[in-house]
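Step one of this worksheet: look at the structure below.
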Amino acid sequence: MTMETLEFQAEARQLLQLMVHSIYSNKDIFLRELISNASDALDKLRLAKLQDGLEADTSDLHIEIGVDAEARTLTVRDNGIGMTRDEVVELIGTIAKSGTAELLTKLKEAKESPELIGQFGVGFYSTFMVADKVTLVTHKAGTEGHGTRWESAGEGTFTIDDAPDAPVGTTITLHLRPKDEDDALYDYTDEWKIKEIVKRYSDFISFPIRKVSADGEGETLNSMKALWARPRSEVTDEEYHQFYRHISHDWTDPLEIINMKAEGTFEYEALLFIPARAPHDLFQRDARRGLQLYVKRVFIMDDSKELIPDYLRFVKGVVDAADLSLNISREILQQDRHIQMIRRRLVKKVLSTIKDLMSSSPEKYATFWREFGRAVKEGLLAEPDNHKPILEIASFATTHGSEPTTLAAYVERMKEGQEEIYFLTGESRSQVENSPHMEAFQAEGYEVLILTDPVDEVWVDVVPEFDGKKLRSIARGTVDLKKDEEEKQPEGDFGPLLGFLTEKLDERVKEVRLSHRLTTSAACLVSDADDITPALEKMYRAMGQ
Ligand code: ADP
Ligand code: MG
């Protein structure tokens, strides 16, 4: 066959236009796309040999990157499966992929917000962001004779021709656009730039990515260590710790490492770390949070908040999902069913890991709770379905000794006839301990939980019970410690005094009554069972409500 000039399909042309006029803020990703295609091609060749008995040399599957600064070219070569002439026309000349139409509309809409568009990947065509001409030479494994040469300037047409001496695999050469002062186009012939991009986006590709230079053997740029894909028994702690440092920039070794692997209809692997100490910005709104998302070893994005709820924002790690599109955006992530499923599983696993720590390593657990308990308790507000597992891993300061207690331990110590879990909120331990509300409970030997975190004021209102025992604020309503006695003391001689006080305090209190909750104080303020607590009232007032 001879050379032909063909037209791009209409959608392909549209997409190319967007690339040529470069709506991406992050052009570096073109290399990620090329490497990902090359890696797929290597996978396919290995599979074809294994499954279809294709005769092929798979002893040195790899990807090569070469640059020529003078000619301003960048070349990415793989010795993978390659393409036939028909395949090139079909795969490169058209956009046959489903969802591309949607992607196109999104791309156009996103013109106004370049940072959003930076999250998309659009495959091979992204090369036209940085190149004004692209040449692809390919030879399909298992086919005799010549290969195929494809070339285009990304305008309306491409040419296709025979390539007599093409080796098996695919070589893509980008003729880089001239450097433009305004458009901060990086110099993609710069060795350091290439290294940096490969490290960032393709470090865990499972084939070597070699930088080749004129003087021979190339240097491997990627570590190829997809730690999350390797069985735990084969990875040393030091390797895990190094990786943790790499993704978290925290130099303290993590408290716990969690490996997950799901097979079946939706496959993913996850490697999570629970840090040993809280970052300084744990309670700052604009702090970075979320996990890294990979799709089949290809880095997709950092800080993916969709993968882990806010109250577990301190968890670091990687999720590698097999069946997501490389083109997935943050917007799509939020709605993706699979992502939501992964997130639920991760939550379950993190909570159960902490629960296991409580018995297997109480010291680690104590560290965990000290560092992250305040954040974890936010989960009681965010996830009503998870009240139980969250309460199970929680501990609280208590009037029973100086060590925090779990609710289970509290329940075990409950007095004969005690049916509720008593707590009192406040600003500090000493404030709570010295509260007049405490007196009767102390005197009668009832244990009271001391809740002093700001979030405690809020979650106690939405969590009704633990293990069938109601959670009960001792500052609210009437607490009937002495059941046999009259709820309301006969006023007797106190009638006139109570009348006087009620009148004097008219504006400030609802009612003045006698109480046996006090032993040494003369009086204390109590709210009705469904009133807000004084501390919460104070908080609202501070917020101007
Ligand atoms: P995607 O990778 O999402 O399918 P691309 O635009 O990146 O989309 O690539 C389109 C298709 O071209 C690929 O699916 C693949 O079939 C083919 N292709 C691209 N690069 C190569 C390569 N290096 N070797 C073999 N086939 C390739
Ligand atoms: Mg691709």
Scoring only Lys, Arg, Asp and Glu (+1, +1, -1, -1) among other residues with Cβ under 14 Å from the Cβ of Lys49 yields -2
Going fewest to most other Cβ atoms within 10 Å around each Cβ, Thr135, Thr143 line up as Thr143, Thr135
Theoretical gain in end-to-end length, Lys133 to Glu90 [0.36 nm per residue, Cα-Cα removed]: 13.5 nm
Around Gly156, with a cut-off of 15 angstrom between Cβ atoms, what is the net charge of the other residues, counting Lys and Arg +1 and Asp and Glu -1? -4
For Gln418 and Leu497, FRET efficiency with R0 = 35 Å and r from the beta-carbon atoms, rounded to 0.05? 0.60
Counting only Cα, what are the radius of gyration and maximum Cα-Cα distance Dmax of region 1-59, in Å? 17.2, 44
Modelled label-to-label distance, Glu144 and Leu514, 7 Å Cα→beta-carbon offset: nm? 11.3 nm
Once you order the gyration tensor axes a ≥ b ≥ c over the Cα atoms, which shape class does region 201-289 get: rounded for a/c under 1.5, otherwise prolate or oblate by comparing a/b with b/c? prolate
Please work out the FRET efficiency for the pair Ala262 and Ser430, using the Cβ-Cβ distance as r and a Förster radius of 56 Å; give the result to the nearest 0.05. 0.70
Applying the gyration tensor rule to the Cα atoms of region 358-480 (axes a ≥ b ≥ c; rounded if a/c under 1.5, else prolate if a/b exceeds b/c, else oblate), the class is rounded
7 Å from Cα along Cα→Cβ at both Ser233 and Glu155: what's the point-to-point distance in nm? 6.2 nm
Could you tell me the relative contact order of region 281-409? Use alpha-carbon pairs under 8 Å, at least six residues apart, and round to a whole percent. 19 percent
Summed side-chain charge close to Val76 - residues other than Val76 whose Cβ falls under 12 Å, Lys, Arg +1, Asp, Glu -1: +1
Ranked from highest to lowest mean number of other Cβ atoms within 10 Å per residue, what is the order of the peptides 366-378, 435-447? 366-378, 435-447
So for R0 = 22 Å, FRET eff. of Ala69-His21 from the Cβ-Cβ r, to 0.05, ends up at 0.25
Going through the cross-link list Lys27/Lys140; Lys193/Lys225; Lys193/Lys305; Lys355/Lys469; Lys225/Lys388, which pairs have a Cα-Cα distance over 26 Å in this structure? Lys27/Lys140; Lys193/Lys305; Lys225/Lys388
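Throughout, read-outs are computed from the coordinates displayed, never taken from laboratory work. The shown structure was predicted, so the numbers you read here are calculated from the model rather than taken from an experiment. Cβ: placed from backbone, ideal geometry, glycine included. Neighbour counts: every protein chain shown.
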